[in-house]
1. Which length gain, in nm to one decimal place, applies between residue 153 and residue 26 when the Cα-Cα distance is subtracted from 0.36 nm times their residue separation?
2. Could you pull out the trypsin sites (Lys or Arg not before Pro) across segment 87-153 that fall in loop regions by DSSP (anything but H, G, I, E, B) with no more than 16 other Cβ atoms inside 10 Å?
3. Can you give me the relative contact order of the chain as a percent, contacts being Cα pairs under 8 Å and 6 or more apart?
4. Work out from phi, with θ = phi - 60° and the Karplus expression 6.51 cos²θ - 1.76 cosθ + 1.60, the ³J(HN,Hα) of each residue of segment 170-178, listed in order in whole Hz, and give x for Gly and Pro.
5. How are the C-alpha pair distances of the chain spread across 10 Å bins, as whole percents from the shortest bin up?
6. As a test of the formula, what do you get for the chain when each DSSP H run with n ≥ 4 contributes -39,500 (n - 2.57) and the sum is divided by the residue count, at 222 nm and rounded to the nearest 500 deg cm²/dmol?
7. Amide H of residue 139 versus every other amide H placed in the peptide plane: which residues, excluding those fewer than 5 positions away on the same chain, fall under 5 Å?
8. Counting only Cα atoms, I'd like the Rg/Rh figure for segment 106-160, Kirkwood definition for Rh.
Amino acid sequence: MSGEDFRWLLIDSCGATAMLAVGRGEDVLATAELPGRAFSAEWPAALRRLLAEAACNIEQLQCVGVVHGPGSFTGVRVGLAAAKGLCEAVGAKLIAVSRLEVLADEDALVVLDAGRDEFYLRDGDDERLVTREELMAASQQREVVTADARVVEAVSNARLVELEAASALPILLERWRCGMFDDVAAVDANYVRGERDIYARKPAVSGNAN
């Protein structure tokens, strides 16, 4: 599908800072950052500002890209819901991108902090949840790329990369050109682990009962 001139929106609300970008073809025309916790309330007004800055009407959007996890449970769901709603409203195509894929760098392992001493890991096209011990074993003699400072603390050879509002643009452009779109009704959040496990608590370690 050709479209070097198509208009797009990118949403990434997976982290502590949520980001929006509006552009045309390969050009980024406007970006915004919002506190992740405020994204659900502030993104409509932020989008209106971006569209005005980019001289674009919302009806002109042809593609909405969304980074659909892994990351903040609430942030992922809010960003995906916003992307789906916009696609339904204006008839835009949807492209959902893994946050781990955005960071992918040739043969490097991509790692994100998952909390509770666990980590999201991408090796090639395989994404999985690993323990600290499994990460240590996998990262021996492998370069590690991450967007999380906690991963740098855990893995001495990790390279920290700062994600930006349009970091997923190369993937969006490639999928647009190939006509690889996601089903708005079927696409779900990319938690890597099962949703029911997100809030599962690990058993507490109790002392000797007296």
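Coordinate-derived values only; no laboratory data. All values derive from a computational prediction rather than experimental measurement. Cβ: placed from backbone, ideal geometry, glycine included. Neighbour counts: every protein chain shown.
1. Result for the pair: 42.2 nm of gain on full extension.
2. The qualifying sites are 116, 142.
3. Once divided by the residue count of the chain, the mean separation gives 21 percent.
4. Karplus-based 3J(HN,Hα) across segment 170-178 equals x, 5, 4, 4, 5, 5, 4, 5, 8 Hz.
5. Reading upward from the zero bin: 8, 33, 33, 18, 6, 1, 1, 0.
6. -8500 deg cm²/dmol, from helical runs alone.
7. Correct list: empty.
8. Using only Cα positions, Rg/Rh for segment 106-160 is 0.90.
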